[in-house]
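Taking it in order: structure first as structure tokens, then the write-up.
Since every read-out is calculated from the coordinates, none of them should be taken as a lab result. Treat the numbers as computed from the prediction; the structure is a model and nothing was measured. Cβ placement follows ideal geometry from the backbone for every residue including glycine, while neighbour counts extend to all protein chains displayed.
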Amino acid sequence: MRIRGVVLVAVLGLSACSGGGSSDALNLGTTVATSSSPTAVEVSTTVAAAVVAVSTSVGVETTLPPATVVETTIPVTTVPEPASKEDQVTADFIAARSARQECSYDPEGCEFEAIAVPGSPMDANTHEAVARSIRDNVRGKRGFGDVQVRVESVGFEGDAAYVTACAYDTGVLFDIADPTNSSDDIIVDDSTASYRVRWELHLVADTWLLFNNTSIDQLTAGDLCGF
């Protein structure tokens, strides 16, 4: 019991020498101590060292608090699998074909650069079809038939990609003498047809565009694709 009293006195003695309670003494207004007096951190460190030293010298057992373990959960980010070359060709083919179909609805706004390789046979074919549509006032209309397309295979030969696709066309063409008056539109072609075509595509600025095509099979007034 006498030894523990010595420890307590030593600690209290060190605490009493820590200085006054004013803000100047604690250096609250600066980041660097400007006084030769020990700071609160130095006093606390000295007190702790004294307690350990005295306790060790007199055989008093010192129990330190257990270490705090902080568990950190790192979120796992799932990176999607990159599209295969075949998938990219398929997506670009569908986009190009859709852009070409849009030209039947709005030939004046046809986006040729989204359809075919500039100067290619398909580019020339598209320009001719659009010019004819404008000259004859013939348009397709949304909600009157459609063109269903299924990609059956994708292959590569050299720098070209080849898509075999089957399409079933039920779109209706109208003669629109007065574009501002839809009530006077006259049906000029409401026939249906289906066809299987092998399309050749070339890569232009990371996008596969139509270059040419070859007809494989065709059926008038029927669906050879099985839609």
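If the chain between D206 and E128 were fully stretched, how many nm would it gain, using 0.36 nm times the residue separation less the Cα-Cα distance?
Contour length minus the Cα-Cα distance gives 25.5 nm.
Could you put R132, R139 in order, starting from the residue whose Cβ has the fewest other Cβ atoms within 10 Å?
R132, R139
Given 5 Å bins starting at zero, what is the percent of C-alpha pairs of region 86-220 in each, up to the one with the largest pair distance?
Bins of 5 Å from zero give 2, 10, 19, 21, 20, 14, 8, 4, 1, 0, 0 percent of pairs.
At a threshold of 8 angstrom on Cα-Cα distance, excluding pairs fewer than six apart, so keeping six or more, what relative contact order does region 159-226 reach in percent?
35 percent
Calculate, in nm to one decimal, what D190 and D169 gain on full extension: separation in residues at 0.36 nm each, minus their alpha carbon distance.
Result: 6.6 nm gained on full extension.
Starting at the first residue of region 164-173, write each ³J(HN,Hα) from the Karplus equation 6.51 cos²θ - 1.76 cosθ + 1.60 with θ = phi - 60°, in whole Hz, x for Gly and Pro.
My calculation for region 164-173 gives 9, 9, 10, 10, 10, 9, 10, x, 9, 9 Hz in order.
Compute the signed sum of charges (Lys and Arg +1, Asp and Glu -1) over the other residues within less than 14 Å, Cβ to Cβ, of S183.
Taking every Cβ under 14 Å from that of S183, the sum is -3.
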